[in-house]
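Single-structure report; data block below.
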Amino acid sequence: MSEAEKPTVQHDDGNLPPEVAALFQEFSGAKYRKLMRKMDLHIIPIIAVLYLFAYLDRGNIGNARLAKLEEDLGMKGNQYNVALTIFFVSYVVFEVPANMALKYFSPRTWIPSITITWGIVMTLMGIVTNYHGLLAARFFLGVPESGIFPACAYYVTSWYTRHEAMYRTALFYATASLAGAFSGLLAYAITLMDGVAGLAGWQWIFILEGIITVLGGVAAIFTIYNGPDSAAWLTEEERRYIKLKLAYDGNRTGMGTSEDGSKRKFALAAFRDWQVYLSVIIYLGISVATYGLVFGLPTIVANLGYTERAAQLMTVPPYITACILTIAVAHFSDKFRQRGYFILGSLGLSVVGFIMAIATSDKANLAGVTYAGCFLACCGFFPAFPGVISWLANNLAGPYKRAIGMSLQICEYLDGILLSLEDLCTDLANTALGNTGGLIGSNIYRVQDKPAYHMGYGISIGFIGAALIATVIMMIVLTSINKKRERYVQENGGPDGVVEKHGDWTLTEMGDRSPLFRYTL
C-alpha cells in the first residue's frame, strides 16, 4: 500500500456530513491501513495474474519465432508482422463492446469467462499447421483478450478512490512487464521439450501457456467479487466505509457513484470531453513503443549477435527492472498526488533509451549500448502506462462516464453517432485509435530493416515525443481550470455558497464540470 494513503475527514471539495466524517475518522491510521491491505490481498492478485497471462499469450509469438515458428509454418517476408497485426484488428474492434458488457454481466461472470475463452484459443494455436491457421487463431485470440484490461482497470476504480487507484492499477499492470521476463524464461525452458509427442518447441509454448490461462480463469470464478456487498471477507462496517468513500470521492454530496437519468447523456459527455482525446495521444504514443519492443525485443537481441537461446534470457532483465520501476513510480505518484510530472519523467527516459538504440544499432562493436538503450526504453514506457490510465480515471466523475471515457482512451473511435447506450456496441461501427498502437507497433520492426531497425526506433521516438507534448498541454490546461474554479468558489462564498447557488443535485449532475471538482495534475 502506498504511504500516501492517509485519509482525512476533509475532502478537496468541502466538509463532510458529521456521520460520514465520524466514520472516516474511525477508519484512519492503522485501521485504514489494515483494511487497505485486506482489500489489496483479495482484489489485486487475481487481476494481476490474469493480466500477466494476457500479456504472455499475446506476446509469446515473439519467443515462438525464435523457436522456428516461421520455418515450420513456411512463413516468408512480412507474414510474421501480419500475424502480429491481425490480433489487434479484433482487439480494437471488440474492446469497447467488451467494456460495455461489464455493465450487463457481473465481474465474477465476465472476467473469468473471457479468460477461459482466450486460454482455449491459445491452447489450440499450438496445433495449427499452416500460416492461415495461425492468422485465424491470432484473430480469435484478440476477441476475448480485448476485454481484460478495461475490465481490470474499471474493477479497480470500483473499489478504490481516485488517489488509491493509481498504485493498484500499477500493481496489476506491472505484471505486463513481468510477462516479458516470464515469457523469455518459460520459452527457454519449454523449448527443451522440442520433439516431445511429435510437437515442436513453439507448439509447446502455445499449448502449455494456454492451459495455464484456462486454469487461471477457473480460479477467477472464486476470487473475483461483484462489489463490497458480495465480499464475505468484509465486515458490515467496512462495506459501508468503502461505499461511502467512493461516494464522497471528489464529491461533497455523497453521490459520486450515482448517475441517475439518461445514460446516453453520460456517454455523450465522455465523447465530448477534451481530456479523453489528449489522453488518447499519450496512450497511443506509449502503446506504439511498448508493443513494438515487446514483439520485437527477442529478435532485436538475437540480431545483436547473441544465440537464440541466449536472446530468450537476455529479454528478462529489462522487464524485471521495468516492473520494479512501475510500482515505485506509482507509489510516489500517489504519495505526491501527481500524475503529469511522473509521466513526463518516464517518457523522457524512454526517449533517451530509443535515441541510444538508434544511434548505435548499426555498429556491431556497440551492441551493448544498443541493448542498454532498449533496456532504458522499457524502463520508461512501462511506468508511464498506468499513470495515463489513472490520470483520466481520476478526472472523470461518475462511474458511467468514467467507464465510457476509459474505453475511449483505450479504444478511441474516430467517428460515428451514439444513438443510445443500449445500442452502443452496434452503433459505433467505426475504426479505433487508442489501441491502434498495437497495429502500428507490430509493424515497425520489419525483417528487411534488420539488424539496425532504424525505422522502428525512429517511429517510437516520434510517438513518445507526441505523448510528451500532449502531457505538457494537459498539465497546463488542467492547472488553469483548477485556478479558475478556486476563484469562482471564493467569489461565491466558498463551497457552501456554491452549493446554495447551484444545489447538490445540479452539482452532482455536472460531475467533473462542477466548480467544486478539482482535477488531478
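The values are calculated or read from the model by the stated rules, or taken from the named source; none is laboratory data. Given the structure is predicted, the values throughout are model-derived calculations rather than measurements. A quick note on method: Cβ atoms are made from the backbone with ideal geometry, for glycine too, and the neighbour counts reach across all protein chains shown. What goes into the accessible areas is simple: the full protein's heavy atoms, side chains included, and nothing from ligands, DNA or RNA. Shrake-Rupley method; radii C 1.70, N 1.55, O 1.52, S 1.80 Å.
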Between Arg239 and Val89, what is the label-to-label distance in nm when each label sits 7 Å out along the Cα-to-Cβ direction? 4.8 nm
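Roughly how many debye, to the nearest 20, is the charge dipole of the chain about its Cα centre, given +1 on each Lys and Arg Cβ, -1 on each Asp and Glu Cβ, and no other charges? Mind showing how you got there, number by number?
Details: 40 positive and 40 negative charges, 124 e Å.
That gives a dipole near 600 debye.
Counting only heavy atoms of the protein chains, get the accessible area per residue of region 42-150 (1.4 Å probe) and round it to a whole Å² value.
On the way: 3450 Å² over 109 residues.
With all protein chains present, region 42-150 gives 32 Å² per residue.
Contact order normalised by length for the chain, with contacts defined as Cα pairs under 8 Å and 6 or more residues apart; what percent is it?
On the way: 877 pairs, mean separation 114.3, N = 521.
Answer for the chain is 22 percent.
Output the relative contact order of region 75-141, whole-number percent, from Cα pairs under 8 angstrom with separation of 6+ residues. Mind dumping the intermediate values first?
Values: 32 pairs, mean separation 34.3, N = 67.
Rounded, it is 51 percent for region 75-141.
Calculated from DSSP H runs of 4 or more alone, at -39500 (n - 2.57) each and per residue, what is the 222 nm mean residue ellipticity of the chain, nearest 500?
Details: 22 runs with 371 residues, N = 521.
Here the helix-only value at 222 nm equals -24000 deg cm²/dmol.
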Please list 3J(HN,Hα) in residue order for region 82-89, calculated via the Karplus relation 6.51 cos²θ - 1.76 cosθ + 1.60 where θ = phi - 60°; whole Hz, with x for glycine and proline. 5, 5, 5, 5, 5, 4, 6, 4
With DNA, RNA and ligands ignored, accessible area of Trp505 (1.4 Å probe; Å², nearest 10): 120 Å²
Specify which residue in the list Gly296, Tyr155, Ile358 is farthest towards the positive end of the charge dipole of the chain, using unit charges on the beta carbon of Lys, Arg (+1) and Asp, Glu (-1), about the Cα centre. Ile358
FRET efficiency, 1/(1 + (r/R0)^6) with R0 56 Å, evaluated for Lys38 and Tyr306 via beta carbons: 0.80
Report the per residue volume, in Å³, of the convex hull enclosing the C-alpha atoms of the chain. 131 Å³
Cross-link table Lys103/Lys483; Lys34/Lys243; Lys243/Lys484; Lys103/Lys484; Lys335/Lys483; Lys34/Lys483, entries beyond 27 Å C-alpha to C-alpha: Lys103/Lys483; Lys243/Lys484; Lys103/Lys484; Lys34/Lys483
The extension gain from Lys363 to Met510, computed as 0.36 nm times the residue separation minus the Cα-Cα distance, is 47.2 nm
The helix 30-66 Cα axis meets the longest alpha-carbon principal axis of the chain at an angle in degrees, between 0 and 90 and rounded to 10, of 30 degrees
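For the full complex of protein chains and a 1.4 angstrom probe, list Arg339, Arg487 by accessible area with the highest value first. Numbers along the way, then the final one.
Numbers: Arg339 0, Arg487 120 Å².
The most accessible residue leads, giving Arg487, Arg339.
What is the extension gain from Ala219 to Ala197, computed as 0.36 nm multiplied by their sequence separation minus the C-alpha to C-alpha distance, in nm to one decimal? Walk me through the numbers on the way to the answer.
Values: separation 22, 0.36 × 22 = 7.92 nm, distance 2.85 nm.
Taking Ala219 through Ala197 to full extension adds about 5.1 nm, to one decimal.
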Highest mean first, what order results for 475-486, 315-326 on Cβ atoms within 10 Å? 315-326, 475-486
Heavy-atom accessible area of region 13-53 with neighbours in place, 1.4 angstrom probe: carbon+sulfur share in percent works out to 63 percent
Relative contact order for region 158-250: what percent, with Cα pairs under 8 Å and sequence separation of 6 or more? 36 percent
Place the peptides 358-369, 143-154 in order of packing, highest mean first, counting for every residue the other Cβ atoms within 10 Å and averaging per peptide. 143-154, 358-369
